[in-house]
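Structure first, commentary second.
The values are calculated or read from the model by the stated rules, or taken from the named source; none is laboratory data. Because the structure is a prediction, the values reported are computed rather than measured. Glycine also receives a Cβ, built like all others from the backbone with ideal geometry; neighbour counts cover every protein chain displayed. Accessible surface is based on the protein model in full, side chains and every heavy atom, while ligands, DNA and RNA are left aside. Shrake-Rupley method; radii C 1.70, N 1.55, O 1.52, S 1.80 Å.
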Amino acid sequence: MNSALKNWLDRATDGLPPEIQTRVSTELASHYEDALTDAQRAGLAADAAHERAMTELGNAAETANGLRRTHLRLHRHLAVGITLCLVLAWFLINGRDLIPNAYISGSLRIITGAGMFTLFLGGLWLLRDFLTRQLGLRSLQLPINLQLLGWGLTVIPFFRAVLLARITPLNELLMTEYPIVQHRLFQVMECINLAAMLGVLALMFFRTYLHNAYWLKQRPST
Amino acid sequence: MNFKGSLPLLILHVLQDSPKHGYQIAKEIKQQSRDVLAFREGTLYPALHTLEKQGAIEAHTEQVNGHIRRYYRLTESGRATLAQEIESWNSYAEAVNLVLAKRGGTS
């Protein structure tokens, strides 16, 4: 298999489960071989025949999108479903902290969390609509980005909570003996938490863009 | 020209007589339409795999001249789907033609 075809197949089957990737690559490689043979029978030289066969394969990104839509439907629905559950859980647990306590009583916690979750989804939809319609960023794939955001919103605060629980005895000691050190320690932890959250957000917005810019466009198609 | 909505119908139609692999299907559609319909792999293979998942066609693998080929065959369910698709297409085409005829008649 020549390197141009291998690159094309890698891009067209990128993201598919390994067994499907192998099966589809074999099928598409056979298609290329048939097109190449036909072009050579038509009297084209080897290079021209290769060019025609590659042209017949079409656009790798378009093929990848079609194959993903066909083969990753269940995976995507599962990923989006799990992510939405995680994000909802995060808002139910932490939503209260995002609004000044004066406006929230304990009984309103679930309503507040659910309301903020709805606002969050609406905001995300508007953002996606703006980016795709106004700025033409068609590469923004909501399910993947939502998944990253979900993991960021749930996993990072979880580790923060674990870390806080672990240092609680130390925290008590520091609070009584070295209050300034304790204060600084929490400031550092908050900074790490904020940096991690910003990192997830940056990853959310640039993952697909970088992937497409580097992997799908910069690699030679023929 | 590439009419995405009609691709499943064309695939099922081409597979009526005998099992074929992807390249044969694409080539036959192209030849029978006198090069008007040329489907690229971006739409052809996802459509084939979707029809397979729906049970309208089934696939088997053969080794021919050192190449592994995946042949597709129409199932009984696929034949019923094809009949329905042809009926839908005919009524759609008839409706479009009626509109075009009306426009042609008034101008």
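Can you give the mean number of other chain Cβ atoms that lie within 10 Å of the Cβ atoms in peptide A:34-47?
Values: counts 8, 4, 0, 3, 2, 0, 0, 0, 0, 0, 0, 0, 0, 0.
Mean shielding by partner chains, rounded to a whole number: 1.
Mean sequence separation of contacting Cα pairs (under 8 Å, at least six apart), scaled by the length of chain B, corresponds to a relative contact order of 28 percent. Can you give the mean number of other chain Cβ atoms that lie within 10 Å of the Cβ atoms in peptide B:48-56? That works out to 2 on average. Over both sides of the B-A contact, add up the buried accessible area with a 1.4 Å probe and give it to the nearest 100 Å². Chain pair B/A: roughly 1900 Å² of buried accessible area. Normalised by the number of residues in the stretch A:11-81, the average gap of Cα pairs under 8 Å and 6 or more apart makes the relative contact order 44 percent.
Using DSSP to call loops (not H, G, I, E or B), can you name the trypsin sites (Lys or Arg not before Pro) in the stretch B:17-107 whose Cβ has at most 11 other Cβ atoms within 10 angstrom?
On the way: sites: B:Lys20, B:Lys27, B:Lys30, B:Arg34, B:Arg40, B:Lys53, B:Arg69, B:Arg70, B:Arg73, B:Arg79, B:Lys102, B:Arg103; in loops: B:Arg34, B:Arg40.
Within the stretch B:17-107, the qualifying trypsin sites (Lys or Arg not before Pro) (loop, at most 11 other Cβ atoms within 10 Å) are B:Arg34.
Shielding of peptide B:69-82 by partners, expressed as the average count of other chain Cβ atoms within 10 Å per residue Cβ, is 1. Amide H contacts of B:His21: B:Tyr72, each under 5 Å away and 5 or more positions distant or on a separate chain (H built 1.01 Å from N in the peptide plane; Pro and chain starts excluded).
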